[in-house]
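Structure, as structure tokens:
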Amino acid sequence: MESKEFKEEIEQGLVQPRYTISEVQKFEISDTFYSHDNIIKFKRPSHLNIEIYLPRVNKISEINLEINTKKLILDVDQMY
């Protein structure tokens, strides 16, 4: 079932896919209050969730995906 925001007609040709990126981190109630020295500690996310919408792909074997510490490269021949 497709979400409402992606019910638009599928574009033709080479396009940038729609995507969302969400940060995930462990939540501790103590992080919401000032510490004894009144310094708020900022934490980096433990991981990222990346959701990529690829409505024109029929098989996962059509997708070339490369991920490293600095970038994510997604290639689907003549589509994305």
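The values are calculated or read from the model by the stated rules, or taken from the named source; none is laboratory data. For clarity, every value in this text was computed on a predicted model and none was experimentally measured. With ideal geometry, Cβ positions are generated from the backbone for all residues, glycine too; neighbour counts draw on all protein chains shown.
For ILE10, work out the one condition from (1) modelled with pLDDT of 90 or more; (2) in a loop (DSSP other than H, G, I, E, B) it doesn't fulfil. So the condition that ILE10 fails would be (1). Considering only residues in the stretch 41-61 that are among the hydrophobic types (A, V, I, L, M, F, W, C) and part of a strand (DSSP E or B), the one that is modelled with the lowest pLDDT turns out to be LEU48.
Only residues that are touching a residue at least 40 places away in the same chain (Cβ under 8 Å) and surrounded by 13 or more Cβ atoms within 10 Å (Cβ to Cβ) were counted in the stretch 56-80, giving 4.
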